[in-house]
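Participant: Let me begin by handing over the structure; questions about it come next.
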C-alpha cells in the first residue's frame, strides 16, 4: 500500500478541441458533489501548462504546438519521476492524452533498468507520428514517441525541421529511447484507428482486447491473458482515456467520443484486475472535457467514480 500523490496536468494543447484543460477541475467538482473529500486527503502538485499556445500561429501542421507539448511532457516527466522516487504512487489527472508520453517517461526515468508495461484503455491507438498523422494533433501520438516508432513506411507527410527537432527530443525525454517495447503494450477498447496504426499493431502483434471480445470471452480470462502478455514487464502504467467508454451510454464529454465502448463497471474491473498483479506503478486519467458534456458533468462524475473505486486498492 502506497501513499497517493495527485499530479494535476491541465494541458489540453495536444488535442484538436479545447476544453480538456477543465477536466481536472470537473473531476474535483464531481468529488465534492458526491460528498467525497478525496482531493483533500492526498498531497497534490500542479504541472505548469502552456495552454496559451492555442493563440499562436502554427508552422508545424503535422504536429500542432509541438514545442509547447514537448515542454509539458518534460515537466510532467520530472514530477512523475520525483513522486516515484519519494516512494509515492503518482495518480496523474491530465487534459489531453499527449501527456502520457511525459508520464511514461517519468516512470522509465525513475526506473531506467526496468521494463515498463503499458495497459492503454482507449477508443484510439494513439500510435501516429508526425509522418502519418491525418490531423496533426499530438494526443494521437504519445505511444509512437514512447516506442520511438516513426512508422515512416506508412508516412506521407512532409515534416518541417522544427517538427523533426522537437519530435526527436520528445522521443528522447530523459535520455532514454525507446521508453517501452511493442511487446509490453496491451490495448483495451480500441475501436477507431487509421491504416498506419493498423499496420503497426499487426506488424508487432500488439493485442487489442475489443469490447465485444471482453464480453464474449469474459473479463477475468482477458485480464489474466493480458497480464501474461506483460509477464516480462517489471512495472505497469495504466492509461485510462475516458473515450474508451460508450459515449451514448455515459456522455459525450470528451474530445473524440466513440460509440460501443465499455461501461464504467467494466473499466473498474479492468483497472482493478491489472492492479492485482502488484506491478502497477502509476495510473493516468485523461480527456474529460466538460465543455462537450451533453449530460451536465456526467463524464467527470463517471471518471471520479472509477478513480475513487480503483484507488482503494492502492491506499
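The values are calculated or read from the model by the stated rules, or taken from the named source; none is laboratory data. Because the structure is predicted, anything quoted here is derived from the model rather than measured. With ideal geometry, Cβ positions are generated from the backbone for all residues, glycine too; neighbour counts draw on all protein chains shown.
Participant: Of everything in the range 253-309, what is at positive phi and buried (at least 24 other Cβ atoms within 10 Å of the Cβ)? Give them in sequence order.
Facilitator: If the condition is that a residue be at positive phi and buried (at least 24 other Cβ atoms within 10 Å of the Cβ), then 287 is the only one that fits.
Participant: Residue under question is residue 101, and the condition is that it be surrounded by 24 or more Cβ atoms within 10 Å (Cβ to Cβ), part of a helix (DSSP H, G or I) and out of contact with any strand residue (DSSP E or B) (no Cβ under 9 Å at 6 or more places or on another chain); does it hold? Outline the logic, then answer.
Facilitator: Working: surrounded by 24 or more Cβ atoms within 10 Å (Cβ to Cβ): yes; part of a helix (DSSP H, G or I): yes; out of contact with any strand residue (DSSP E or B) (no Cβ under 9 Å at 6 or more places or on another chain): yes.
Considered against the rule, which asks whether it is surrounded by 24 or more Cβ atoms within 10 Å (Cβ to Cβ), part of a helix (DSSP H, G or I) and out of contact with any strand residue (DSSP E or B) (no Cβ under 9 Å at 6 or more places or on another chain), residue 101 comes out as yes.
Participant: Which ones in the range 4-21 are more than 20 Å from residue 103 (Cβ to Cβ) and in contact with a helix residue (DSSP H, G or I) (Cβ under 6 Å, 6 or more places away or on another chain)?
Facilitator: Once the filter is applied, which keeps residues that are more than 20 Å from residue 103 (Cβ to Cβ) and in contact with a helix residue (DSSP H, G or I) (Cβ under 6 Å, 6 or more places away or on another chain), the range 4-21 yields only 19.
Participant: Moving to a separate point now. Can you find even one residue in the range 28-42 that is at pLDDT 95 or above, under 17 Å from the mean Cα position of the chain (by Cα) and closer than 24 Å to residue 299 by Cα?
Facilitator: The first filter runs over the range 28-42 and keeps only residues at pLDDT 95 or above, leaving 28-42.
From the residues that got through so far, the ones that are under 17 Å from the mean Cα position of the chain (by Cα) too are none.
No, the range 28-42 has no match at all.
Participant: Only one of (1) surrounded by fewer than 22 Cβ atoms within 10 Å (Cβ to Cβ); (2) more than 19 Å from residue 307 (Cβ to Cβ) is not met by residue 39, so which one is it?
Facilitator: Only one criterion in (1) surrounded by fewer than 22 Cβ atoms within 10 Å (Cβ to Cβ); (2) more than 19 Å from residue 307 (Cβ to Cβ) is unmet by residue 39, namely (2).
Participant: Is there any pair linking a residue in the range 199-216 that is more than 13 Å from residue 244 (Cα to Cα) to one that is modelled with pLDDT of 95 or more and part of a strand (DSSP E or B), with Cβ under 7 Å and at least six apart or on different chains, and which?
Facilitator: 201/208; 206/185; 206/187; 207/186; 207/187
Participant: Moving on to the next point. If a residue has to be under 18 Å from the mean Cα position of the chain (by Cα) and assigned to a loop (DSSP other than H, G, I, E, B) to count, how many in the range 173-183 make the cut?
Facilitator: 4
Participant: So which pairs qualify, if the first residue must be in the range 26-40 and on the phi > 0 side of the Ramachandran plot and without any contact (Cβ under 8 Å) to a residue 12 or more places away in the chain, the second must be buried (at least 20 other Cβ atoms within 10 Å of the Cβ) and assigned to a helix (DSSP H, G or I), the Cβ gap must be under 8 Å, and the two must be at least 6 apart or on different chains?
Facilitator: If the second residue must be buried (at least 20 other Cβ atoms within 10 Å of the Cβ) and assigned to a helix (DSSP H, G or I), no pairs are left.
Participant: What do you reckon, is residue 131 crowded, with 24+ Cβ neighbours inside 10 Å and in a loop (DSSP other than H, G, I, E, B)?
Facilitator: Values: crowded, with 24+ Cβ neighbours inside 10 Å: no; in a loop (DSSP other than H, G, I, E, B): yes.
Taking the combined requirement at face value, the residue does not satisfy it.
Participant: Can you name the residue in the range 78-98 that is surrounded by 24 or more Cβ atoms within 10 Å (Cβ to Cβ) and either out of contact with any strand residue (DSSP E or B) (no Cβ under 6 Å at 6 or more places or on another chain) or without any contact (Cβ under 8 Å) to a residue 12 or more places away in the chain (or both) and is also farthest from residue 23 (Cα to Cα) among such residues? Write out each step before concluding.
Facilitator: Quick first cut of the range 78-98, residues surrounded by 24 or more Cβ atoms within 10 Å (Cβ to Cβ) only: 80, 83, 90, 92-98.
Now drop any that are not either out of contact with any strand residue (DSSP E or B) (no Cβ under 6 Å at 6 or more places or on another chain) or without any contact (Cβ under 8 Å) to a residue 12 or more places away in the chain (or both), which leaves 95-96, 98.
Values: 95: 6, 96: 9, 98: 15 Å.
The selected residue is 98.
Participant: For the range 110-128, enumerate the residues that are surrounded by fewer than 24 Cβ atoms within 10 Å (Cβ to Cβ) and assigned to a loop (DSSP other than H, G, I, E, B).
Facilitator: Result: 111, 112, 113, 114, 115.
Participant: Any idea how many residues of the range 6-22 are crowded, with 24+ Cβ neighbours inside 10 Å and part of a loop (DSSP other than H, G, I, E, B)?
Facilitator: Number of matching residues: 5.
Participant: Could I ask something else about it? Is it the case that residue 79 is assigned to a loop (DSSP other than H, G, I, E, B) and either more than 21 Å from the chain's Cα centre (by Cα) or modelled with pLDDT of 95 or more (or both)? Steps first, answer last, please.
Facilitator: Details: assigned to a loop (DSSP other than H, G, I, E, B): no; either more than 21 Å from the chain's Cα centre (by Cα) or modelled with pLDDT of 95 or more (or both): yes.
Considered against the rule, which asks whether it is assigned to a loop (DSSP other than H, G, I, E, B) and either more than 21 Å from the chain's Cα centre (by Cα) or modelled with pLDDT of 95 or more (or both), residue 79 comes out as no.
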